[in-house]
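The values are calculated or read from the model by the stated rules, or taken from the named source; none is laboratory data. Keep in mind it's a predicted model, so treat the numbers as computed, not measured. When we count neighbours, we look across all protein chains shown, and the Cβ atoms used for this are built from the backbone with ideal geometry, even at glycine. Quick note on the areas: whole protein, heavy atoms, side chains included, nothing else; ligands and nucleic acids left out. Shrake-Rupley method; radii C 1.70, N 1.55, O 1.52, S 1.80 Å.
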Amino acid sequence: MSADRLTARLQFWHHPLHGAVVSAAVVIAVFDALGGLRTTGTVTSVPAPPPLVPSDPV
């Protein structure tokens, strides 16, 4: 986390047969929430690799 970057990992439960549909709905909901905060970002259901530049100390 820093003044211009935040990486978050969300965990949520879904029925085993509905993983893709639920994951897509979560990605859309988080993206919409970021838009409501008047910020931009990238939202994906794929785990991200570690950043090339480490986070600022919190």
statement: Computed over the chain: longest principal axis from alpha-carbon atoms vs helix 19-36 long axis, angle to nearest 10 degrees, is 40 degrees
- request: Note down the Stokes-Einstein diffusion coefficient of the chain in µm²/s, whole number, using a Kirkwood radius over alpha carbon pairs, 37 °C, and 0.692 mPa s.
  value: 249 µm²/s
message: Under 8 Å for C-alpha pairs, at least 6 residues apart: give me the relative contact order for the chain, rounded to a whole percent.
response: 50 percent
query: Summing -39500 (n - 2.57) over the DSSP H runs of n ≥ 4 in the chain and dividing by its residue number, what mean residue ellipticity at 222 nm do you reach, to the nearest 500 deg cm²/dmol?
result: -10500 deg cm²/dmol
message: Testing the spin-label approximation: label points 7 Å from Cα along Cα→Cβ at Asp32 and Ala8. State their distance in nm.
response: 1.6 nm
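Using a Förster radius of 25 Å, what is the FRET efficiency between Leu17 and Ala48 based on their Cβ-Cβ separation? Nearest 0.05, please.
Computed FRET efficiency for Leu17 and Ala48: 0.45.
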- request: With a probe of 1.4 Å, find how much accessible area the chain has per residue, and write the answer as a whole number in Å².
  value: 93 Å²
